[in-house]
Amino acid sequence: MEKFIDNLPAMDLMRSEKMTFVQLIIPVESAHRAISYLGELGLLQFRDLNADKSPFQRTFVNQVKRCAEMSRKLRFFRDQISKAGLLSSVHPVLQLDVELEELEIQLAEHEHELIEMNSNSDRLQHSYNELLEFKIVLQKASGFLVSSNSRAVPEERELDENVYSNDDYGDSVSLLEQDIRPGPSDQSGLSFVSGIICKSKALRFERMLFRATRGNMLFNQASADEQIMDPLSTEMVEKTVFVVFFSGLQAKTKILKICEAFGANCYPVPEDITKQRQITREVSSRLAELEATLDAGIRHRNKALTSVGFHLGKWMNMVRREKAVYDTLNMLNFDVTKKCLVGEGWCPIFAKTKIQEALQRATFDSNSQVGIIFHVTDAIESPPTYFRTNRFTSAFQEIVDAYGVARYQEANPAVYTCITFPFLFAVMFGDWGHGICLLLGALILIARESKLSAQKLGSFMEMLFGGRYVLLLMSLFSIYCGLIYNEFFSVPFHIFGGSAYKCRDTACSEAYTIGLIKYRDPYPFGVDPSWRGSRSELPFLNSLKMKMSILLGVAQMNLGILLSYFNARFFSSSIDIRYQFVPQVIFLNSLFGYLSLLIVIKWCTGSQADLYHVMIYMFLSPTDDLGENELFWGQRPLQIILLLLALIAVPWMLFPKPFILKKLHTERFQGRAYGMLGTSEMDLDVEPDSARQHHEEFNFSEVFVHQMIHSIEFVLGAVSNTASYLRLWALSLAHSELSTVFYEKVLLLAWGYDNFVIRLIGLAVFAFATAFILLMMETLSAFLHALRLHWVEYQNKFYYGDGYKFKPFSFASITEDED
């Protein structure tokens, strides 16, 4: 048997790849190129030899800072391109490779040019917004001023015309910086201030003015016809033009301060209609010029951004790679001569040749006179875990890794999870109608695989796309289990022939009271459709699914224990085989393996024996006669033997292993308790960890307590885990009953009305309930329960899950988030 097992071909996914610890000695002149080639290969995980240093104390910190600054500039360009509504080129144009120094100079020039264009554009836009507001104020305020002509003395209301005397009025200073000066008048003269304010602030502004002037003012307002961009916030807002008439310099000071506090923009408006028209023409002309200038500036800016966008993707990828290379170089150490860099790391054994070829190519391409030294060395810590997966197996491996990464070379649960996980899901979800819906969704994801993989998806969609093959198998197994349960949206069909049962009379009046009679061979595949709606439907299906759940659970737990045997064989641990695997198999199968045997015999013989009674009295009174509950000859003595074996298996698991481990440790280190002459505590402190481990004493109490916990956990877990598999029955029943309720109480009830609208509403409610409750919530529920059965009931029989993933330095794994 052992020879047969040893001769079996190795499974790629069963054990993680064999790893080796290597050391690299790289000349400084070829270091950058060597690390770049290793990043393209992506098969070497570097160990950080400068873990005790902060990022600012490392050798290549300045290069990392430069790359980070270039990344910032590139992100600035990307944001500007996105803000301008332009699209960066998905397929960048061919361009000769540029060095990092040249790219840094180019990016600095582009950034300076873009910042200057943005600054000029902002100044022009600010002036344009001010002139636009001035134009609206001129148009609206003129009406208020004309209506006040008859009530004011011209000498007291004339504005200072010096503001408008200069031809370059609009160019010399900002309009908001110009003083608003009423014309020469005495203290009793009437003056006014005109401007514009956000509509939302107008009411509070008017109240504040009224209180500040104690009512000695006249406030006129009119809404602007269109939304205006605020010069400060650059947002489109609704604004209101106002004109405040007042008397006295003190009132003027208060009003101007209130305008400033409320963010109101004040503009001088002459009372003379001729001057108003002249200024309006000047403002309109200036607006047209600014608009043309702004358009030209935007076109020039978009042209510059488009030229940058052609190369943006390539530049970002280049900078990301350079930063990753220098980050990796910071993990290396200089040797004593400061001419070579020393690095250490893990790589798969199969990749050694590829790594050596890449290093030789780096030496040749960098014209180095000294080659790169690559040699295998010993390591203290455990190697990382690396499984080579493909598109199909990667999702199942992720399910296992979410619980814990496998210990190095430990048996991988994902090999069997590829089948058992979707199958246990389907046992709970079995309905071939719902399975077809899931299958269509999975096929759509697989058909659009190449397109979706290139897109940036949301978190939920990304998770769904990553598990597309899991969804495919779950849907296929759901169709298979649905055919066994004979449920299509809870409706049974005569797919595999006619029913084995018929009514007692032509009226079929006693079908739901007394029952049907069997008149031919059983239904060839799955549950007979006649069970649907019969008086014994629920007891029959409950009994079937409950017993099936126990059989599946015991089979999967035995598979887990069997994998612990293969683990022990692989690591040459005969103690684990004799004192852990053997008693565990005996204990589990003496109790629940025997229960599974009784279930199968009862199904085959059609016996009416009560299995609850058999299992309970197997412990309470094993010597009593079974009576009508006896399923086969010799059952009572077999039960006594199995009970004794189960009782023996508990101390067998608990006691021998700790004592044997103590004996082996004593024999191994016998005579080594005394150190050599001259050995002191100081000498022990400078020894490496591997040497220091030999001086540690064997802690028997710790080993014994650990074994006791493990034994108690297995004994109690054998009972609780078997009961936990009954969730397969419970969720299958819940899914079936929910489907039945929605079909009978929604769809059939609506179809009973001879009204198209009611039928349409019933169909819509049924479709909604099926999609969101049965296909989404029930799918998630069954998925989580299948996950628990694998993580707890199955994997705790053999899986340690205390390893760490192999994370090689690879350019392919660099994402945009690392910028």
Next on the checklist: Give me, ordered by chain and number, the residues 5 or more places off GLU344 or on other chains with an amide H under 5 Å from its own placed amide H.
Outcome noted: LEU24, ARG47
Checklist entry - What ranking, highest mean first, results for peptides 458-469, 717-728, 618-629, 474-485 when packing means the other Cβ atoms within 10 Å averaged over each residue? => result 474-485, 717-728, 458-469, 618-629
Checklist entry - Can you give the relative contact order of the chain as a percent, counting alpha carbon pairs under 8 Å and 6+ residues apart? => result 20
Checklist outcome for this item: Taking max minus min of the Cα coordinates of the chain on each principal axis, largest first, gives extents in Å of 129, 99, 54
Checklist outcome for this item: Given a Förster distance of 30 Å, the FRET efficiency implied by the Cβ-Cβ spacing of GLU69 and ASN120, rounded to the nearest 0.05, works out to 0.80
Checklist entry - Using θ = phi - 60° and the Karplus form 6.51 cos²θ - 1.76 cosθ + 1.60, what ³J(HN,Hα) does each residue of region 551-567 get, whole Hz, x for Gly and Pro? => result 4, 5, x, 5, 5, 6, 5, 5, 5, x, 5, 5, 5, 5, 5, 5, 5
Checklist entry - When the helix-only estimate is applied to the chain (DSSP H runs of n ≥ 4, each -39,500 (n - 2.57), divided by the residue count), what is the mean residue ellipticity at 222 nm, nearest 500 deg cm²/dmol? => result -18000 deg cm²/dmol
Item to check | Nonlocal amide H pairs with THR385, under 5 Å, H built at 1.01 Å | outcome: TYR804, LYS805, PHE806
Checklist outcome for this item: If R0 = 45 Å, then LEU631 and ILE814, at their Cβ-Cβ distance, give a FRET efficiency to the nearest 0.05 of 0.10
Checklist entry - When you count, for each residue, the other Cβ atoms within 10 Å and take the mean per peptide, how do 381-391, 341-351 rank with the highest first? => result 341-351, 381-391
Checklist entry - For LYS239, which sequence-distant residues (separation of 5 or more, or a different chain) have an amide H within less than 5 Å of its own amide H, given hydrogens modelled in the peptide plane? => result LYS199, ALA224, ILE228
Next on the checklist: On alpha carbon coordinates alone, what is the Rg over Rh value for region 750-819, Rh being the Kirkwood radius?
Outcome noted: 1.37
Checklist entry - In nm, what is the difference between 0.36 nm times the number of residues separating GLU282 and VAL370 and their Cα-Cα distance? => result 24.0 nm
Next on the checklist: For region 544-607, I need the span (max minus min coordinate) of the C-alpha atoms along each principal axis, in Å, sorted largest to smallest.
Outcome noted: 46, 17, 14
Checklist entry - What shape does region 292-425 have by the C-alpha gyration tensor, where a ≥ b ≥ c are the square roots of the eigenvalues, rounded means a/c under 1.5, and otherwise prolate means a/b greater than b/c and oblate the rest? => result oblate
Checklist entry - Using mean Cβ contacts within 10 Å as the protection proxy, how do 597-603, 544-550 order, highest first? => result 544-550, 597-603
Checklist outcome for this item: The correct ranking of MET653, MET777 by accessible area at 1.4 Å, largest first, is MET777, MET653
Item to check | For region 445-460, Karplus couplings with θ = phi - 60° (6.51, -1.76, 1.60), whole Hz, Gly/Pro x | outcome: 5, 6, 5, 9, 4, 5, 6, 5, 5, 8, 9, 8, 9, x, 4, 5
Checklist entry - Taking the alpha-carbon centroid of each part, what is the distance from region 192-216 to region 430-491 in angstrom? => result 65
Checklist outcome for this item: Excluding ligands, DNA and RNA, the carbon-plus-sulfur percentage of the accessible area of the chain with a 1.4 Å probe reads 59
Checklist entry - Per residue and in cubic angstrom, what volume does the convex hull of the Cα atoms of region 606-645 have? => result 66
Checklist entry - Around PRO637, what is the net charge, scoring Lys/Arg as +1 and Asp/Glu as -1 over all other residues with Cβ under 15 Å from its Cβ? => result -2
Checklist outcome for this item: Given pairs LYS239/LYS275; LYS73/LYS323; LYS354/LYS807 and cut-off 22 Å on Cα-Cα distance, the over-length ones are LYS239/LYS275
Item to check | Net length gained if the chain between THR20 and LYS451 were fully extended (0.36 nm per residue, minus Cα distance) | outcome: 151.4 nm
Checklist outcome for this item: Cβ-Cβ cut-off under 11 Å around SER382, Lys and Arg +1, Asp and Glu -1: the net charge is -2
Next on the checklist: Counting heavy atoms of the protein chains only and a 1.4 Å probe, report the per residue accessible area for the chain as a whole number of Å².
Outcome noted: 55
Next on the checklist: Quick check: with the 1.4 Å probe, what order do PHE659, PHE46, PHE540, PHE310 take by accessible area, largest first?
Outcome noted: PHE659, PHE310, PHE540, PHE46
Next on the checklist: I need the phi-derived Karplus couplings for region 359-366: 6.51 cos²θ - 1.76 cosθ + 1.60, θ = phi - 60°, integer Hz, Gly and Pro marked x.
Outcome noted: 5, 5, 5, 5, 5, 5, 5, 8
Checklist entry - What residues from region 195-218 fall in the zone where the backbone N is under 19 Å from a label point 7 Å along the Cα-to-C-beta line of GLU260? => result 195-198, 205-206, 208-210, 212-213
Item to check | Segment ILE517-GLN57, extension gain: residue separation times 0.36 nm, minus the distance between their alpha carbons | outcome: 156.9 nm
Checklist outcome for this item: Of region 254-275, those with amide N under 17 Å from the point 7 Å along the Cα→Cβ vector of ARG211 are 254-263
Next on the checklist: What number does region 424-557 give for Rg over Rh if you use C-alpha atoms and the Kirkwood radius?
Outcome noted: 1.13
Next on the checklist: With viscosity set to 1.567 mPa s at 4 °C, what whole-number translational diffusion coefficient in µm²/s follows for region 15-125 from Stokes-Einstein and a Kirkwood radius over Cα pairs?
Outcome noted: 70
Next on the checklist: With every protein chain left in place and a probe of 1.4 Å, what is the accessible surface of TYR519, to the nearest 10 Å²?
Outcome noted: 110
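The values are calculated or read from the model by the stated rules, or taken from the named source; none is laboratory data. What you are looking at is a predicted structure, and each value in this text was computed from that prediction instead of being measured. Note that each Cβ is placed from the backbone with ideal geometry, even for glycine, and that neighbours are counted across all protein chains shown. Protein only, heavy atoms only, side chains kept; ligands, DNA and RNA dropped before computing areas. Shrake-Rupley method; radii C 1.70, N 1.55, O 1.52, S 1.80 Å.
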